[in-house]
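The values are calculated or read from the model by the stated rules, or taken from the named source; none is laboratory data. All values derive from a computational prediction rather than experimental measurement. When we count neighbours, we look across all protein chains shown, and the Cβ atoms used for this are built from the backbone with ideal geometry, even at glycine. Remember, those area values only see protein heavy atoms, side chains included, never the ligands or the DNA or RNA. Shrake-Rupley method; radii C 1.70, N 1.55, O 1.52, S 1.80 Å.
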Amino acid sequence: MNNTSIQSLQSRDKAVNWHPYTQMKTAGDAVPIVKGKGVYLYDENGKKYIDAVSSWWVTLHGHAHPYIAERVFQQLNTLEQVIFAGFTHEPAVQLSENLLQLLPENQKKVFYSDNGSTAVEAALKMCIQYAYNSGKEKTKIIAFKNAYHGDTFGAMSVSGRSVWTKPFGSMLFEVVFIDIPNAENLESLKIQIRDLAEETACFIYEPLVQGAAGMLMYEAKHLDELMKFCRDEEILMIQDEVFTGFGRTGKLFAANHLTEMPDIMCFSKGLTGGTMPMGITTCSQEIFNAFLSEDKYKTLFHGHSFTANPLACTAALASMELLLQEETLSAIDCINRQHSDFSKILSKHPDVENVRQTGTILAFEYKTDQNTSYFNQIGKVLYDEFLERGIIMRPLGNVMYLVPPYCITSEELNFIYQNILEVLDAFKNPDHCPTDAADRE
Ligand SMILES: *Cc1c(COP(=O)(O)O)cnc(C)c1O
């Protein structure tokens, strides 16, 4: 069969591929991307798209970065993969050393896996088995409402219940969901936690920004207070930095906004600069020590075939080198400042509400009559409009957000900002005139 050259990539794709988070019956054709360079992706007709969402929040330094490519290529010719049980290699050792240096000082050990969900699975198992190994009956878990920690069963269980988890509802383990903290609810959250403390193994949270929930943001000082309380109540803390890690929040990690330290941390997404899949779970010496025993049953029996894959480790090493360069750190500051300036303009727009920003993450809501939700129809309309304009945005319902690669120039950012304003005007909602009294309810 040699019809591949005549058939378009789109129709071949339709024939064989099942895309993530996609209703395949109604989905339009997938955009066939043939090349990436910097902030741009190119389709087969040569049209270029500016990647305003860093390809699902993973790309840090732009697509096909030559330095990362070169390093991975060298590693590919040296050692592509080796079993990580009983064996080790330079990229894994170096990466663990480099990463631990940047994390809160209590983080001492690195456990490798393949993606954000598996990093969370490993973290949950560490907490549950920490209690088990210590002979304690602690199996309850506390998480935030609207949390998102991944799509595997454990990660789904600790994520907020939603349309995404509905078919599996009866199979997810029980989790106590609490509100994200603010000045008003902190004391009542503490009472809730205290009541559960005795049976609770851990508290898992996305620090400062709940990404998939629609970029919901909350303050570091309130999280700090909650963390301190959990520490006092001997509840282990899992800080899921899968999204917030590696510069996204304006500092290297969300942890750098906090004074309290978590027991366990999870990383993926930006870890390899968006080049290769990899997950990391780090933990304190105390967690690690609870697994040290003559008793084989106290071992952490968890691992994946590609644990600490040398190519992924090398991509992460190269990406972290780029991240720590003065140039990149100041680029992150620049994005932060420009987002902040644009926020002020957006806030005054009659069709926009709830403008919020943390570092390189900017989000706002398009006012609609429908509820703010993932299924809000406007999301799809806006998505298509931006795509037409050569901008990849992926609204979460009526929540629009920008999570650009750090190599984006101010001109490119302004291009996106300008288009946002144009699209808002083009879609001007006559029901949402600011002088309309009903609108203020
Ligand atoms: C994306 C995400 C995950 C899941 O990561 P995957 O690599 O998609 O499995 C977990 N936690 C947070 C906070 C995320 O944003």
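With respect to the stated conditions, K344 is of a type in the set (K, R), assigned to a helix (DSSP H, G or I) and farther than 25 Å from T26 by Cα. Apart from one condition, Q338 fits all of (1) farther than 15 Å from L402 by Cα; (2) part of a helix (DSSP H, G or I); (3) not hydrophobic (A, V, I, L, M, F, W, C); the exception is (1).
Evaluate the stretch 97-104: report whether one residue or more is more than 16 Å from the ligand (Cβ to nearest atom), touching a Lys or Arg at 6+ places or on another chain (Cβ under 8 Å), part of a helix (DSSP H, G or I) and at pLDDT 95 or above. Yes, the conditions are met somewhere in the stretch 97-104. Residues that are in the same structural domain as S134 (by the TED database) and within 16 Å of the ligand (Cβ to nearest atom) do occur in the stretch 284-303, at least one of them. If the requirement is being away from the ligand (no atom under 15 Å from the Cβ) and among the acidic types (D, E), which of these qualifies: E174, E121? Checking each option against the conditions leaves just E174.
Cβ separations smaller than 8 Å between residues 6+ apart or across chains give the following pairs from the stretch 359-388 residues that are over 25 Å from K47 (Cα atoms) to residues that are modelled with pLDDT of 85 or more and basic (K, R): G359/R248; G359/K251; T360/R248; I361/R248; L362/R356; A363/R356; F364/R356. Looking at the stretch 308-329, can you tell me whether even one residue there is in contact with a strand residue (DSSP E or B) (Cβ under 7 Å, 6 or more places away or on another chain) and either in the same structural domain as N133 (by the TED database) or closer than 29 Å to M237 by Cβ (or both)? Yes, some residue in the stretch 308-329 is in contact with a strand residue (DSSP E or B) (Cβ under 7 Å, 6 or more places away or on another chain) and either in the same structural domain as N133 (by the TED database) or closer than 29 Å to M237 by Cβ (or both). Every listed requirement among (1) open to solvent by less than 10 Å² (accessible area, probe 1.4 Å); (2) in contact (Cβ under 8 Å) with a residue 40 or more places away in the chain is met by H222 save one, (1). Would you please name the residue that is farthest from L396 (Cα to Cα), looking only at residues in the stretch 127-141 that are of a type in the set (A, V, I, L, M) and more than 16 Å from the ligand (Cβ to nearest atom)? This residue is A131. Among the residues of the stretch 275-334, those that are in a helix (DSSP H, G or I), among the acidic types (D, E), over 17 Å from I264 (Cα atoms) and over 23 Å from the mean Cα position of the chain (by Cα) comprise E326, E327.
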